[in-house]
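Below is one structure, written out as structure tokens; comments come after it.
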Amino acid sequence: PQEAVFKEEHESLVAAIATQAAIALDNAKLYEEVKLLNAQKDEFIGFASHELKTPLTTAMGYVQLLQNEPEMSPEYIKKISRQMTRLSAIIADLLDISRIQAGRLDLHFKHTSLQELIRNSIETLGQTGTATHKIECALPAEDIAVLVDEQKMEQVLVNLLSNAIKYSPDREKVLLSAILVGDQVQVSVQDFGEGIPEDHMEKIFRRFYRVPTLSNNAEGLGLGLYISQGIIEAHSGKIWAESESGKGATFHIMFPVERIKIYN
């Protein structure tokens, strides 16, 4: 009987120690995650401040030149306008982040031609992208009328195309394809660059996260894919990526042709 009592008490003690150890491990893991998030946030704030300051400082420099050389006004005004556009885009991304976090991403749905949406997205990308890469499109033979927020969906496509070009600088083309899958549309953007390392695949849609390149340079604000995910989910859709190291990456978005369900 004494041996049985001893064993029961021993088991209880071991169970208690195991529980405390599990709690300690969970707390340690949570602490490390919070620490990492804070580090990423601090890095993001510093990077965002730099990104905001750069176009502002550049524009101010051109304003000073304009004051000293008024005859150069057409050229300088064009350059100032370009920097203001860049600044506005950064601020718009930051506002989108706050709206997504607050669940207040207001969308304005209307029926839009899928082919026109894709064509406008490529035009919005502009010469910066199309001068270095050819964007090859494989679209359904018959056009599809989709119910989307045209401006926001265009923002997603431009982001995916920009990323594909940025992460395949030594290649000459990017593939954009679209297919009808039941009552949903799937649009895919494929590049032929370095690909995304497997250990980064689960992180790419996080806020502030930037995929490093082989040269160890993490480019961009780390907001584009997070914002794109928020926009696609607000369209009752989903976004995901497939990649093989050294063989490029493909990003897919899928969303209903019509709004088949009301989401809060």
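Listed here are the residues, each with its yes/no results for (1) touching a strand residue (DSSP E or B) at 6+ places or on another chain (Cβ under 8 Å); (2) under 20 Å from Gln155 (Cβ atoms); (3) at pLDDT below 80; (4) not β-branched (Val, Ile, Thr).
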residue	(1), (2), (3), (4)
Glu33	no, no, yes, yes
Leu37	no, no, yes, yes
Lys53	no, no, yes, yes
Tyr62	no, no, no, yes
Glu69	no, no, no, yes
Arg86	no, yes, yes, yes
Ala89	no, yes, yes, yes
Ile97	no, yes, yes, no
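Of everything in region 1-24 that is at pLDDT below 60 and hydrophobic (A, V, I, L, M, F, W, C), the residue that is most open to solvent (accessible area, probe 1.4 Å) is Phe6. Looking at region 136-194, none of the strands (runs of 3 or more DSSP E) lying wholly inside it contains 3 or more residues that are free of Cβ contacts under 8 Å to residues at least 12 places away in the same chain and either crowded, with 19+ Cβ neighbours inside 10 Å or touching a Pro at 6+ places or on another chain (Cβ under 8 Å) (or both). The number of residues in region 97-135 being part of a helix (DSSP H, G or I) and under 30 Å from Lys173 (Cα atoms) comes to 17.
Each residue in region 113-135 was checked for being open to solvent by less than 60 Å² (accessible area, probe 1.4 Å) and touching a strand residue (DSSP E or B) at 6+ places or on another chain (Cβ under 6 Å), and 4 pass. Against the criterion of being modelled with pLDDT of 85 or more and closer than 22 Å to Ile122 by Cβ, Ile227 qualifies.
The values are calculated or read from the model by the stated rules, or taken from the named source; none is laboratory data. All values derive from a computational prediction rather than experimental measurement. Neighbour counts are summed over all protein chains in view; Cβ atoms, including those assigned to glycine, are modelled from backbone coordinates with ideal geometry. Keep in mind that these areas ignore ligands, DNA and RNA; they rest on the heavy atoms of the full protein, side chains included. Shrake-Rupley method; radii C 1.70, N 1.55, O 1.52, S 1.80 Å.
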